[in-house]
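Working notes for the structure below.
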Amino acid sequence: MGEIVDYLIRERSETTLQYAPSEGIEEVRKEISNFVRKRGFSLEEDQILITGGAKEAIYLLSELFSQNMVASEEPTFQGFISTMSYRGLRAYPIPWDEYGPMTDVLEKRLKALRMWADPVKYFYVVPVHNPTGRVMTKDRRKHLLELASDFNFQIIEDDIYGFYMYDDPPYPALKSLDKEGRVIYISSFSKIISPGLRVGFIGYEGREIEKLATIKSEINHQVSTLDQLIVGEMLRRDLVDAVVENSVLLYRKKRNVMLDAIEEYFPSSTGCSYTEGGFFTLCRKEALDSSSLLKEALKRDVKFIPGEKFFYSSEQGRNSFRLSFSFAKEEEIVEGVRILGELLKGIK
């Protein structure tokens, strides 16, 4: 990356140090359009809007929610929940089990809503799930798309962890199954290259992409030109594939270290989800107040996110917490789990 930055500043300063279009630099959007083919679908560069990570993508899309009813899986990404809360919007929660959002529950509620309320127009889903680390099955993906067609709503697919599956090859994106243009696709290079490079994107065939680009131009005009060109150059040089391949090997090993440590040190009354993909596991224990546990854990230099952050009601998830293995070293993972295990054993 240092070599790329040096090249961009030295050889392309007239571009690198200047403004860029609000929708993103054309050559970078073209590289991204090639990149998403690895997820099983195609988009033209004018169907891609570059954003400041996936979080800005979610915020921009929330502009479409203000006059429409939204549903989402629960638990789900805390950044989606916080954006909805900040905007004063409410999402209709659909429970998630080990196979994905419970689409049979969604179907029943969609039928009920059709009788007495405004219909759902958008459904937000993270198929490689945050916070549980489970992966939405192919059958659930197909059923969700069938419901989108039958009940006329759009799906917002947050595919930020799509490349990171550890026991099976990555499933193609949900959008790869989309035959009606119903899936609005979100992803980011934050989890692939670097979280400090705030380069994410929205991919969609509909005209809403033009509206979102206009809104973005009013918020911050553009994503950093240098950040965009770093990502574009890494894609052009075919470096990202190698990064993903090496990362999967690294994260699989760290996943195994965390799960083995949990089995060794956590009390049997604490249950944790099996991490099929992504960076996380969600653990639960009866009578646990995860915020109180966090206070004690921080005294011992151990951090996690209380489970209530991933639910729309603060009462839900209070007995759960999310652990991440992506950043910590292996020995830190083991020691952190050991410390948490001691604290959990002290909860009656």
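Would it be correct to say that residue 97 is over 15 Å from the mean Cα position of the chain (by Cα), of a type in the set (Asp, Glu) and within 28 Å of residue 321 (Cβ to Cβ)? Steps first, answer last, please.
Details: over 15 Å from the mean Cα position of the chain (by Cα): yes; of a type in the set (Asp, Glu): yes; within 28 Å of residue 321 (Cβ to Cβ): yes.
Taking the combined requirement at face value, the residue satisfies it.
To keep it simple, each residue is scored yes or no on (1) open to solvent by less than 50 Å² (accessible area, probe 1.4 Å); (2) more than 19 Å from residue 77 (Cβ to Cβ).
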residue	(1), (2)
198	no, no
206	yes, yes
215	yes, yes
219	no, yes
228	yes, yes
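Let's see how each residue does on (1) out of contact with any Gly (no Cβ under 8 Å at 6 or more places or on another chain); (2) of a type in the set (A, V, I, L, M, F, W, C); (3) within 18 Å of residue 342 (Cβ to Cβ):
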residue	(1), (2), (3)
254	yes, no, no
305	yes, yes, no
310	no, yes, no
314	yes, no, no
325	yes, yes, no
*Positions within the range 212-238 being within 23 Å of the chain's Cα centre (by Cα) and of a type outside the set (A, V, I, L, M, F, W, C), in sequence order*: 216, 220, 222, 224, 227, 228, 232
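Each row is one residue, and each column tells you yes or no for (1) within 30 Å of residue 272 (Cα to Cα); (2) in contact (Cβ under 8 Å) with a residue 60 or more places away in the chain.
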residue	(1), (2)
8	no, yes
17	no, yes
30	no, no
40	no, yes
44	no, no
62	no, no
81	yes, yes
87	no, no
93	yes, yes
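Is it true that residue 242 is open to solvent by less than 20 Å² (accessible area, probe 1.4 Å) and assigned to a helix (DSSP H, G or I)?
no
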*Checking residue 190 against (1) outside any loop (DSSP other than H, G, I, E, B); (2) out of contact with any Phe, Trp or Tyr (no Cβ under 6 Å at 6 or more places or on another chain), which test does it fail?*
(1)
*Name the helices (runs of 4 or more DSSP H) wholly within the range 1-68 that hold at least 3 residues that are under 15 Å from residue 208 (Cα atoms) and open to solvent by less than 20 Å² (accessible area, probe 1.4 Å)?*
53-62
*Please list, ordered by first then second residue, the pairs with beta carbon atoms under 6 Å, 6 or more apart or interchain, first in the range 150-168 and under 21 Å from residue 32 (Cα atoms), second surrounded by fewer than 19 Cβ atoms within 10 Å (Cβ to Cβ) and among the β-branched types (Val, Ile, Thr).*
163/244
*asked:* Just the residues that are surrounded by 21 or more Cβ atoms within 10 Å (Cβ to Cβ) and outside any strand (DSSP E or B), please, taken from the range 289-331.
replied: 290, 293, 307, 308, 310, 317, 325
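The values are calculated or read from the model by the stated rules, or taken from the named source; none is laboratory data. Note that the structure is predicted; figures quoted are calculated from it, not measured. Methodologically, a virtual Cβ is constructed for each residue, glycine included, from the backbone with ideal geometry; neighbour enumeration extends over all protein chains shown. Just the protein is used for accessible areas: all its heavy atoms, side chains included, with ligands, DNA and RNA removed. Shrake-Rupley method; radii C 1.70, N 1.55, O 1.52, S 1.80 Å.
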